[in-house]
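The values are calculated or read from the model by the stated rules, or taken from the named source; none is laboratory data. Only a predicted model underlies this, so the values are computations on that prediction, with no experimental measurement involved. These accessible areas exclude ligands, DNA and RNA; they are computed on the full protein's heavy atoms, side chains included. Shrake-Rupley method; radii C 1.70, N 1.55, O 1.52, S 1.80 Å.
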Amino acid sequence: MNSKWIDLEGKTVVVTGGAMGIGEAIAADLKGCGANVAVFDVSEPKDYKEDEHTLFIKADIRSKTEMEAAVKQVVQKFGTIDGLVNNAGVTRPRILVDYYKQRPQYELSEEDFDFMVGVNQKGTFTVTQAVTRVMFEKKDGVIINMSSCAGLMGSRGHSCYSATKAAIHGFTMSWAKELGPFGIRVVGVAPDILDRTPANNDEKYRAQAYGRGWDVDTKPEKFFENYKSSIPLGRPGHLYEVADLICYLVSSHASYITGVTIPVSGGKSKG
Ligand SMILES: NC(=O)c1ccc[n+]([C@@H]2O[C@H](COP(=O)([O-])OP(=O)(O)OC[C@H]3O[C@@H](n4cnc5c(N)ncnc54)[C@H](O)[C@@H]3O)[C@@H](O)[C@H]2O)c1
């Protein structure tokens, strides 16, 4: 939804991982509402064109040096930062032990663990620390952390990813307490199943199927069929349903909301 349904004119928002997926939808919705948007991503958005309201910086959220330089560049272009959307995140479905003894590559390795914790947890901390220094100076701002229902409820075959998303919820609650006295709100958003169907040879889907004791060639459509029975609203969510919540949370209409993680899950209660 790109209509200016909520007014974010004059606000500058950083979106990490805004080159594709949910982050791309968030960046587009924020822009549609009038905000200046700066995307920090390791991948370049397709058809990217810089204009007076848009900035893309190729940078890795795990790097303190790159985040400090990126924040400086945003302040040089837009004058300040009002919002940060910690959207960049990675997942590799992995089981703790290869129970079925057929696919050792789908057992959680130290490298998988370091990769997920590195991007999701350390990366979120690194960029937030750099941006908070700017918000702290003016005693105003909002930080939105992308968690996941997997982080609130657990998810079979995704223990490490779930743990990083539970950690994000911990950051939200703790940073809200630390930063509230300085006028900075911190809110979590926890999507669940969204309508993004990858190709059925997608390695992530094969690993996820294996971790659930299914045939590795299970078609993504079957996942959606199964999920439908656990989603009271009977369908996966749309990207704009996540993006719209974020626009609202960035706006002053959400001025008394902090320290909580809001599920965008159609009421899903088991994963
Ligand atoms: N897809 C879902 O159904 C779902 C559900 C719940 C939560 N989430 C969360 O939403 C967020 C976005 O998910 P998505 O499905 O759009 O993911 P995606 O893989 O489509 O996009 C992630 C983006 O993050 C970028 N990125 C990855 N590592 C980075 C790094 N080190 N530094 C900077 N950028 C980096 C990627 O280049 C990419 O543009 C993630 O935090 C994810 O955990 C997704």
Rounded to a whole number, what % of the accessible area of region 71-113 do carbon and sulfur atoms account for, probe 1.4 Å?
-> 52 percent
Short to long, in 10 Å steps from zero, the percent of alpha-carbon pairs of region 196-271 per bin is 16, 35, 30, 15, 4
Name the helices (complete DSSP H segments) of the chain with a Cα length along the long axis of 24 Å or more and a Kyte-Doolittle mean of at least -1.0, or state none.
-> 159-179
What is the antiparallel percent of DSSP beta bridges lying wholly in the chain, to the nearest 5?
-> 5 percent
Where region 120-271 is the region considered: accessible area per residue in Å², 1.4 Å probe | 45 Å²
Given the chain, what whole percent of its Cα pairs are spread farther than 24 Å?
-> 48 percent
